[in-house]
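Heads up: the structure comes next, in structure tokens.
The values are calculated or read from the model by the stated rules, or taken from the named source; none is laboratory data. This one's a predicted model, so the numbers in the text were calculated from it and none came from an experiment. Cβ coordinates were reconstructed from backbone atoms using ideal geometry, including for glycine residues, and neighbour counts include every protein chain displayed. Accessible surface areas use protein heavy atoms only, side chains included; no ligands, DNA or RNA. Shrake-Rupley method; radii C 1.70, N 1.55, O 1.52, S 1.80 Å.
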Amino acid sequence: MLKSVIKEVRFIPLHLALWIGVWLFYTYFFSYGSQNEDFVFWFSTSLLPVTAAITYFISYLLIPKYLIAKKYVQFSLYLFYTLICSVYLILIITFVNLVFLSDFSIRNMPLLTRNVVFVLILVYLVVSVLCFVQLLRHNHKTSNRNKELENKLLEGKLMLKQKELYLLKQQIHPHFLFNTLNTVYGFALKGSKETPDLILKLSNLLDYILNQIEKPLVPLTEEVKHIEAYIGLERVRFRDTLRIQFTKDIQKEIQIPPMLFIAFVENAFKHGTPIHGFLDIEMQLSTTKTHLLFSIQNTLQAASNSSESHGIGLENTRKRLESLYPNQYTLSQTKEEHHYKVQLEIQL
């Protein structure tokens, strides 16, 4: 109660204006049909402290401590005690005014002050209205506080989600870099003249990765260029044993998370196996107003377990999809006799 009162100190002028209004309300009603202005003045003035005491006691103690806390039995009990005590005080005030201002003559009293029941109803009406307003204020504050907490919770979840996505991307990049460096290392061991060209292509890929890692989204066309650069790197490694087809039908330029498809492309080269001397890879990428479609298919020996060897890159891509597009994507993997296919569909 004390804390609540302290918080209300800044509203003292407002409270003063409120009680002046209540006092004017009392004097207006009690002066009806009466010329005894002294009695009305002192009677209204003596009722005002009782009204204020009841109001503050209920508003700042009973309501927050018992009613809001859903302690309805205690609230009802203390409210009953408050009513009994206040009735007793109002009766004493009426009697004192009768003695000192009316010379024990009820006829000298204003008409509306003679009926104690009416006086009680008027006082409790004022108390009820003010307590109800205070209850509405409390509910409004609670609602605002809950909204602030909810916003902070959502902000915390968003930050956690962004951090998780960032860590997933951080895991994908070293995984991609490790596979690519193995390719360069193999060419370097052979003393291949194409090693400098591989390093240059790798440099371009790393430049893309380092520049895009902080961005949540990148243009789809930039991602396509990145995939084509990676394919160029793999063409050097596979030489004439690679047959790859990349079909694009981008009707709508969209933003996507960086390196969203690279794990699927890597897996096609890493786990794909040549058939009749050729590794065949087919990729399709298309966009509509509502969907993004990506599919990749590679040749596979019948005894291969490629569909079960997902690796960290593919697993993290799944997690990213789940975080970025919950219930808005489908990812399917199918293995036939000599082909392994991955299809991704995202609702935009």
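Brief remarks on what is shown
- Qualifying residue in the stretch 290-311 (condition: within 23 Å of residue 178 (Cα to Cα) and touching a residue at least 60 places away in the same chain (Cβ under 8 Å)): yes
- Any hit, the stretch 147-161, residues being open to solvent by less than 40 Å² (accessible area, probe 1.4 Å), modelled with pLDDT under 70 and part of a helix (DSSP H, G or I): no
- Meets criteria (modelled with pLDDT under 85 and part of a helix (DSSP H, G or I)) for residue 130: no
- Screening residue 184 with (1) in contact (Cβ under 8 Å) with a residue 24 or more places away in the chain; (2) surrounded by 15 or more Cβ atoms within 10 Å (Cβ to Cβ); (3) of a type in the set (A, V, I, L, M, F, W, C); (4) touching a helix residue (DSSP H, G or I) at 6+ places or on another chain (Cβ under 7 Å) gives one miss only, at (1).
- Count of the stretch 227-268 residues, restricted to those that are among the aromatic types (Phe, Trp, Tyr) and over 22 Å from residue 286 (Cβ atoms), is 1.
- Checking each residue of the stretch 274-282 against the condition of being out of contact with any Cys (no Cβ under 6 Å at 6 or more places or on another chain), under 16 Å from residue 346 (Cβ atoms) and β-branched (Val, Ile, Thr) gives no match.
- Options 293, 324; residue that is at pLDDT below 90, hydrophobic (A, V, I, L, M, F, W, C) and open to solvent by 20 Å² or more (accessible area, probe 1.4 Å): 324
- Hey, residue 54 closer than 14 Å to residue 120 by Cα and open to solvent by 80 Å² or more (accessible area, probe 1.4 Å) or not: no
- When the stretch 229-251 is filtered for residues that are surrounded by 12 or more Cβ atoms within 10 Å (Cβ to Cβ) and among the charged types (D, E, K, R), the ones remaining, listed by number, are 234, 235, 237, 243, 248.
- The stretch 57-77, residues that are surrounded by 16 or more Cβ atoms within 10 Å (Cβ to Cβ) and hydroxyl-bearing (Ser, Thr, Tyr): 59, 60, 66
- Tabulated pairs, the stretch 210-232, first more than 25 Å from residue 198 (Cβ to Cβ) and touching a residue at least 24 places away in the same chain (Cβ under 8 Å), second open to solvent by 10 Å² or more (accessible area, probe 1.4 Å) and hydrophobic (A, V, I, L, M, F, W, C), C-beta under 9 angstrom, 6+ apart or interchain: 216/165; 216/324; 217/254; 219/254; 220/250; 220/254
- Residue in the stretch 212-222 that is open to solvent by less than 60 Å² (accessible area, probe 1.4 Å), of a type in the set (A, V, I, L, M, F, W, C) and closer than 21 Å to residue 288 by Cα present: yes
- Single unsatisfied condition, residue 279 versus (1) open to solvent by 80 Å² or more (accessible area, probe 1.4 Å); (2) more than 27 Å from the chain's Cα centre (by Cα); (3) not aromatic (Phe, Trp, Tyr): (1)
- Given (1) modelled with pLDDT under 90; (2) assigned to a helix (DSSP H, G or I); (3) small (Gly, Ala, Ser), number of the condition residue 76 does not satisfy: (1)
Quick grid of which residues meet (1) touching a Cys at 6+ places or on another chain (Cβ under 7 Å); (2) modelled with pLDDT of 85 or more; (3) closer than 20 Å to residue 129 by Cβ:
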site: 35; (1), (2), (3): no, no, no
site: 41; (1), (2), (3): no, yes, no
site: 47; (1), (2), (3): no, yes, yes
site: 58; (1), (2), (3): yes, yes, yes
site: 62; (1), (2), (3): no, yes, yes
site: 85; (1), (2), (3): no, yes, no
site: 88; (1), (2), (3): no, yes, no
site: 101; (1), (2), (3): no, no, no
site: 116; (1), (2), (3): no, no, no
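- Pairing each residue of the stretch 238-256 that is more than 21 Å from residue 328 (Cα to Cα) with any residue that is open to solvent by 90 Å² or more (accessible area, probe 1.4 Å) and of a type outside the set (A, V, I, L, M, F, W, C), provided the two are 6+ apart or on different chains, yields C-beta distances under 7 Å for 242/235; 245/282; 247/284.
- Which numbered condition residue 121 misses (of (1) closer than 24 Å to residue 28 by Cβ; (2) open to solvent by less than 80 Å² (accessible area, probe 1.4 Å); (3) modelled with pLDDT of 85 or more): (2)
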